[in-house]
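Asks: I am attaching a structure below and will ask some questions about it afterwards.
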Amino acid sequence: MKVTRVDHVGIAVKDLEESLKFYTEILGLEAHGSEVVEEQKVKVAFLPCGDSELELLESTAPDGPIAKYIEKKGEGIQHVALRVDNIEETLAELKEKGVRLIDQTPRYGAGGARIAFLHPKATNGVLLELCERK
Ligand code: ZN
């Protein structure tokens with residue numbers, strides 16, 4: 001297993017367009033890769049910051065994971081994504097070590113990444129995403 005960087009930090013927002021104004025107009029970041037990921041009921045946009053990015057996530061449905069997160073905790077940091085060089089290998093190694101996973105196999109992530117989430121009970125309360133990009 002090789003973790004190479006913090007790929008991105010995922011931020012749950014109520015209104016993506018409205019939130020983007022702060023990050024682009026005030027902070028001067030550039031948004032790219034705006035995309036709806038139906039399976040996760042989210043609309044996302046990425047804002048590159050050097051080697052990492054911010055990912056803003058707005059729910060597309062009231063029962064989506066981001067809507068539920070905001071309902072419980074309000075807007076804010078929802079997950080941290082670590083870039084790995086081989087996600088299958090990483091998941092296999094974590095299973096072997098008895099780490100609790102949300103995703104047993106990789107799924108599609110915005111921007112064509114392959115992603116998998118670890119259970120927050122295994123990570124001191126942080127929803128950790130593994131992310132492999134080619
Ligand atoms: Zn993410």
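Asks: Taking the alpha-carbon distance from Lys2 and a cut-off under 26 Å, which lysines remain once sequence neighbours fewer than 8 residues away in the same chain are dropped?
Replies: Straight-distance partners of Lys2: Lys95, Lys97, Lys121, Lys134.
Asks: Here's a follow-up. Could you give the distance between the Cα centres of region 117-131 and region 51-77, to the whole Å?
Replies: Distance between centres, Cα-based: 15 Å.
Asks: Semi-axes of the equivalent ellipsoid of the chain: what are they in whole Å, largest first, if each equals the square root of 5 times a C-alpha gyration tensor eigenvalue? It would help to have the intermediate numbers written out before the result.
Replies: Values: eigenvalues 122, 59, 33 Å².
Sorted largest first and rounded, they come to 25, 17, 13 Å.
Asks: Measure nothing but the geometry: give the 0 to 90° angle between the long axis through the Cα atoms of 87-96 and the longest principal axis through the Cα atoms of the chain, rounded to 10°.
Replies: Between the helix axis and the principal axis of the chain, the angle is about 50 degrees.
Asks: Can you tell me the FRET efficiency between Lys14 and Glu89 if r is taken as the Cβ-Cβ distance and R0 is 30 Å, rounded to the nearest 0.05?
Replies: The value I calculate is 0.20.
Asks: Say each of Cys49 and Lys73 gets a label point 7 Å from the Cα, pointing the same way as Cα to Cβ; how far apart are those two points in nm?
Replies: For Cys49 paired with Lys73, the spin-label model returns 1.7 nm.
Asks: Pull out the extension gain between Glu96 and Val126, defined as 0.36 nm times the separation in residues minus the alpha carbon to alpha carbon distance; nm, one decimal.
Replies: Difference between extended and current length: 8.7 nm.
Asks: Let me ask something additional. Describe numerically, in nm with one decimal, the distance between label points set 7 Å from Cα along Cα→Cβ at Thr60 and at Glu35.
Replies: Calculated label separation equals 1.2 nm.
Asks: By its C-alpha gyration tensor, with a ≥ b ≥ c as the square roots of the eigenvalues, how is region 82-131 shaped: rounded for a/c under 1.5, else prolate for a/b larger than b/c, else oblate? Working shown, then result.
Replies: On the way: a/c = 2.00, a/b = 1.33, b/c = 1.51.
Here region 82-131 falls in the oblate category.
Asks: Quick check on the exposure proxy: order Cys131, Cys49 from fewest to most C-beta atoms within 10 angstrom.
Replies: Sorted ascending by nearby Cβ count, the order is Cys49, Cys131.
Asks: Now a separate question. Are there trypsin sites (Lys or Arg not before Pro) in region 1-80 that DSSP puts in a loop and that have at most 16 other Cβ atoms within 10 Å, and which ones?
Replies: Lys2, Lys14
A short reminder: the numbers here are calculations on the coordinates, not readings from a lab. Fair warning: this is a prediction, and the values are worked out from it, not measured in the lab. For neighbour counting, all protein chains shown are included, and Cβ atoms are generated from backbone atoms with ideal geometry for every residue, glycine included.
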